[in-house]
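The values are calculated or read from the model by the stated rules, or taken from the named source; none is laboratory data. Everything numeric in this text was worked out from a predicted model, so none of it was measured. Cβ sites come from the backbone with ideal geometry, for glycine too, and all protein chains shown count toward neighbours.
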Amino acid sequence: MKFFYISLGSFCHPKILLRETNRPVLESLPFDFHSSPCTYSIYHILEKLYYQKTYAPQFKEILYTHQFNTIHKEELAVQDNDDVYFLHFFDVNDLCTIPSSYPASMDHISTEKIQKVQQKFERRFQRLYQIMNDPENVLIFLRIENYENPAWKSDIEQLCKIVDLYSNKNKFIIYSQINIDNHLDFHNSHVLNYDYKIPVMFLKKKFTEDISSHQKNDFLQVLISFEQIIDNCLTLKFQEKILLFYYNSSEQKLYMLNDLNYWYRILEMKDGLLKCIHEAENNLLIFNEKENYYDHSSTFSISS
């Protein structure tokens, strides 16, 4: 089992920094390099993707030209129907007619170029759909909001609800928003939050484009903290289901990382053998150690 970071917006720099530090990321995915200042855009799109199994953006208008890139190329900011802003996928060379002013109609861009971008993102969404339904990996979603969001409570609730629809059960969200309540901040709680459909690491901080400079160490420390949690987990495999369990060595218990109410008491763990009791079900479970996980081999009723 491997873990991967997956960006859910709201700006480019978190994904850029992940790549710079050689963190485990997958091929280009649909939310990597956009401006998405509305969380509802993300969960509405993910909901459509879940039910339709495919998604291609439909573009609304050209907002303006810009040079927000490393080579100062003149690009077009294009808004889609779900209020995601495509900043780096159209440029002035794609204009078949020059608008007299902005915002401007998409009629100024050739149909061929629009279809090319749509097809690119349809492939990326298909890739994301497969990843989110693959039980083999741990998925760590990043929603790093570089703006103040007064609706953060309802947004994170809806986002977790939609992400939870997908089959992979090893899903987590790192959510940074300056407006969250103080007691939720991971630096105060030191634990993941389990009030939503999937576990959340809350961060009360406004990361900006400076995440690549003077905020870099703060952001990397967040990732290190999460990785330390993962490192303290054991991977248990039940036939085709793979789950992470947090190993509490002092209590000799294994807590399911995505549901801390589900836990095993360890009876024995040595020589490649793991024996646990699930007291709520009165079961003894036996696992055999493989290369990087423990494989479930048998279950016995304690009462028998």
Fill in: Residues of the stretch 248-283 classified as touching an Asp or Glu at 6+ places or on another chain (Cβ under 8 Å) and loosely packed, with under 13 Cβ neighbours inside 10 Å, total
1
Practice prompt. Among residues belonging to the stretch 288-304 that are in a loop (DSSP other than H, G, I, E, B) and surrounded by 11 or more Cβ atoms within 10 Å (Cβ to Cβ), point out the one that is farthest from the chain's Cα centre (by Cα).
Written response: ILE302
Discussion item. Name the single residue that is nearest to LYS204 (Cα to Cα) among those in the stretch 130-180 being part of a helix (DSSP H, G or I) and modelled with pLDDT under 95.
Written reply: MET132
Worksheet item: Which residue, of LEU285, LEU274, LEU254, is in contact with a strand residue (DSSP E or B) (Cβ under 9 Å, 6 or more places away or on another chain), among the hydrophobic types (A, V, I, L, M, F, W, C), part of a strand (DSSP E or B) and farther than 14 Å from THR235 by Cβ?
Response: LEU285
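Each row is one residue, and each column tells you yes or no for (1) in the same structural domain as ASP107 (by TED's automatic domain parsing); (2) surrounded by fewer than 17 Cβ atoms within 10 Å (Cβ to Cβ); (3) among the polar types (S, T, N, Q).
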| position | (1), (2), (3) |
| --- | --- |
| LEU46 | yes, no, no |
| PRO57 | yes, no, no |
| TYR64 | yes, yes, no |
| GLN67 | yes, yes, yes |
| THR70 | yes, yes, yes |
| GLU74 | yes, yes, no |
| VAL78 | yes, no, no |
| ASP82 | yes, no, no |
| PHE86 | yes, no, no |
Worksheet item: List pairs: first in the stretch 18-32 and among the aromatic types (Phe, Trp, Tyr), second surrounded by 13 or more Cβ atoms within 10 Å (Cβ to Cβ) and part of a loop (DSSP other than H, G, I, E, B), Cβ under 6 Å, 6+ apart or cross-chain?
Response: PHE31/LEU8; PHE31/GLY9
Worksheet item: Hey, among GLN158, GLN119, which residue is crowded, with 19+ Cβ neighbours inside 10 Å, closer than 25 Å to LEU26 by Cβ, touching a residue at least 24 places away in the same chain (Cβ under 8 Å) and polar (S, T, N, Q)?
Response: GLN158
Worksheet item: Only one of these conditions is not met by PHE121: (1) assigned to a helix (DSSP H, G or I); (2) more than 26 Å from LEU18 (Cα to Cα). Which number is it?
Response: (2)
Practice prompt. Mind telling me which of the residues GLU61, GLU112 ends up being outside any loop (DSSP other than H, G, I, E, B), among the acidic types (Asp, Glu) and in contact with a strand residue (DSSP E or B) (Cβ under 8 Å, 6 or more places away or on another chain)?
Written response: GLU61
Worksheet item: Conditions: (1) surrounded by 15 or more Cβ atoms within 10 Å (Cβ to Cβ); (2) over 25 Å from PHE207 (Cβ atoms); (3) not aliphatic (A, V, I, L, M). SER36 meets all but one. Number of the miss?
Response: (2)
Practice prompt. Might you let me know whether the stretch 228-237 holds any residue that is assigned to a helix (DSSP H, G or I), at pLDDT 90 or above and farther than 30 Å from THR299 by Cα?
Written response: yes
